[in-house]
1. For the chain, report the accessible area per residue in Å² (1.4 Å probe, heavy atoms, rounded to an integer).
2. What residues qualify as long-range amide H neighbours of Leu262, i.e. H under 5 Å apart, gap of 5 or more or another chain, H built at 1.01 Å from N?
3. Restricting things to Cα coordinates, could you compute the convex hull volume per residue of the stretch 182-244 in Å³?
4. Rounded if a/c is under 1.5, else prolate if a/b is larger than b/c, else oblate: which is the stretch 34-185, with a ≥ b ≥ c the root eigenvalues of its Cα gyration tensor?
5. Can you give the Rg and Dmax of the stretch 223-361 based on its C-alpha atoms, in angstrom?
6. For Gly110, list long-range residues whose amide hydrogen, built 1.01 Å from N in the peptide plane, is under 5 Å from its own amide hydrogen.
7. Using r as the Cβ-Cβ distance of Arg330 and Asn256, and R0 as 45 Å, what FRET efficiency do you calculate, to the nearest 0.05?
8. According to the Cα gyration tensor, what semi-axes, each the square root of 5 times an eigenvalue, does the equivalent ellipsoid of the stretch 269-340 have, listed from largest to smallest in whole Å?
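The values are calculated or read from the model by the stated rules, or taken from the named source; none is laboratory data. Note that the structure is predicted; figures quoted are calculated from it, not measured. A quick note on method: Cβ atoms are made from the backbone with ideal geometry, for glycine too, and the neighbour counts reach across all protein chains shown. The accessibility values were calculated without ligands, DNA or RNA, using every heavy atom of the protein model including side chains. Shrake-Rupley method; radii C 1.70, N 1.55, O 1.52, S 1.80 Å.
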Amino acid sequence: MTDRELIKRTMALARKARGRTSPNPMVGAVLVKAGRVLAEDYHRGPGTPHAEALVLARAGERADGAVLYVNLEPCCHTRKRTPPCTKAIIGAGVRKVVAAMEDPNPQVSGRGLKELRDAGLEVVTGLLEEEARRLNEAYVKFMTEGVPFVTLKVAMTLDGKIALPSGESKWITGEKARRYVHRLRSSVDAVLTAIGTVKADDPELTVRLVKGRDPVRVVIDPGLEIPEEARLLKVPPETIVVTGVRDGARVDELRNKGVELLFYEGRLELRWLMERLGERGVTSLLIEAGSSLTARSLAEGVVDKVLFFIAPKMIGGRDSYPAVGGESCRSLEEAYRLVDVAVRRIGEDILVEGYIRRDDA
């Protein structure tokens, strides 16, 4: 196998833990000697051994003189529950390390690679770096900006509608698309919606159609109107309600139910909310909401990636709800543009996926 193939293998291994490593990155490792793979493994979650430590332990004395392939720079800091991987790599006698990218964590950020070089190891970086960064895009953004990586999901008809005038929206897309969304939920730390969606659909926003962990639910509810019988208040896991109402019987009632309340002053700024969620360790966020919050999230620039599921249906009607509400762009030059766009079939539906183009990028 070539170096590129082996780095691709580390990323394939790393993906096995998608949704389970936060706030850590997904990391896979392959240990090779004389053209033969001695061991391969991946990091399974916080507090568990890192991928590098796992392959070194499996190879034992055979690691002496081997080449280690990883999709992320080995860690060198001690402010965590597991020992630094650089020390183990050096101690095992590994002669060369091929890492796809540097670790954006300020506690590492090139220091691990320098430590390996200073110990006499050959170090190669930058191989398939862009793929490696995409794999851990949430981790990269969180480490560099302190806020979650935000994915906006929309399910709409061919004519751009998300609900009938009555609010009915179940189900616009098919079962395979819904299963895909549940898998997506299981991969993020939190899912964000607004009170309008809660009132209209009474969603659980949990993972049910696939195996996986449930994300924290975050509800924007300025006037604290969330119904007492809302399933978000009855079904685990945690729910955070973001509101401008600071006191009163309703505040006490929700607190007694174990709901966390996050208060804001004046008008809610979504960037402020992203910062507060970042402080709580939320590295990735999925927005599942109506046309108003969808429009606001785009207008306020907090969205990194969009997934539009398009069903082969047409609702029609001026009163049907559009996928993106709010004010229209004043010109086509102001339209939100996507880059790295991918289009594919998900069952009977079409998924259009891409990243918001940043003018400063």
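1. 48 Å²
2. Val241, Val242, Thr243
3. Per-residue hull volume (Cα only) is 74 Å³.
4. prolate
5. Every Cα atom of the stretch 223-361 included, Rg and Dmax give 18.1, 49 Å.
6. Asp103
7. Result of the calculation: an efficiency of 0.40.
8. 25, 15, 13
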